[in-house]
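One structure is given below, encoded as structure tokens.
The values are calculated or read from the model by the stated rules, or taken from the named source; none is laboratory data. The structure presented is a predicted model; accordingly, all values stated were derived computationally and were not measured. Glycine also receives a Cβ, built like all others from the backbone with ideal geometry; neighbour counts cover every protein chain displayed. In case anyone asks, the SASA skips ligands and DNA or RNA and just uses the protein heavy atoms, side chains included. Shrake-Rupley method; radii C 1.70, N 1.55, O 1.52, S 1.80 Å.
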Amino acid sequence: MRARQILLLVVIAGVLIFVGVHVLLHLSERKPAVVTPAMNVHKEFSDELGPRIYRALHSGTIQDSGDRDKVIALTFDDGPYPIFTPLLLDRLDDLHVVATFFLIGRDAQEWPDITRRIVSDGDEVGDHTYSHPDLDHESAAQVSMEILRGRDVLWNLTHERSVDWLMRPPHGRFNEQTLRVAQGLGYHVVLWTDDSGDWRTITPQQIVAHVERYATRPEIVLLHSGKLATIEALPAIVQQFRADGYRFVTVGELLESLGTAAVNHPVRRAL
């Protein structure tokens, strides 16, 4: 009888562990906000600022006039990470493509040599906060602290000018307060024109198909640093966009050459 009770307890414990692991995996793959905010997010904005943001982000009906520069910026969120980020940098180097890395300050502190390599390879670094919180749930003081602490870490490691004016909120989550604080600190809040979906467990082929289907001009693609499928997808992405006449640039170069109006009103482009 006692042996049966022990066996039952072992089975129950195994089931609880299995369920717990799957819950944690589900939470770790939580979908970030897309570039076009849902209406309930839009309603958090004031009457003054809300309509301007809404118009800027809901402009998909503009037709391709053929006179917009074909420029694409690959952006990689999170990290840096051992193994994956160096592999990603090797692939970008092989393809002769520059990119923008929005790095977490805490991770950059842990892997300073990888952080420095990003800049030495000719890529750009942007501020992705210090600890990767949901900024729309933070106070103004906390938002400011996260941005400035992340900036200080990245600046001390790289002395790269871009860490002082380019930032991306974790998960793409923001509200009016987030924007006001960040812009008050001199930052452009950089989202994306296409979320590749590589934060999920998908194949390289699915990533390529998504990016080709939702291409815009100009293009800012959201990708992630810690994903092997993303690294494997890059050659096909680069080949397809280059075949269509696109130039690969950093976010900073894109903003300086085209300005924010072009970035906020991308034109759909069929590859």
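If the only charges are +1 at each Lys and Arg Cβ and -1 at each Asp and Glu Cβ, what is the size of the charge dipole of segment 157-238 around the Cα centre, to the nearest 20 debye?
Computed charge dipole of segment 157-238: roughly 140 debye.
Could you state how much accessible area MET145 has, in square angstrom rounded to the nearest 10, with a 1.4 Å probe and all protein chains kept in place?
90
Please compute the length gained on full extension between LEU258 and GLN142, using 0.36 nm multiplied by the number of residues separating them and subtracting their Cα-Cα distance.
38.5 nm
Could you sort GLU212, GLU253, GLU146 by accessible area so the largest value comes first, with the probe set to 1.4 Å?
GLU253, GLU212, GLU146
Which whole-Hz couplings ³J(HN,Hα) result when phi for each residue of segment 143-152 is put into the Karplus expression 6.51 cos²θ - 1.76 cosθ + 1.60, θ = phi - 60°, listed in order with x for Gly and Pro?
3J(HN,Hα) across segment 143-152, in whole Hz: 4, 4, 4, 4, 5, 5, 5, x, 4, 4.
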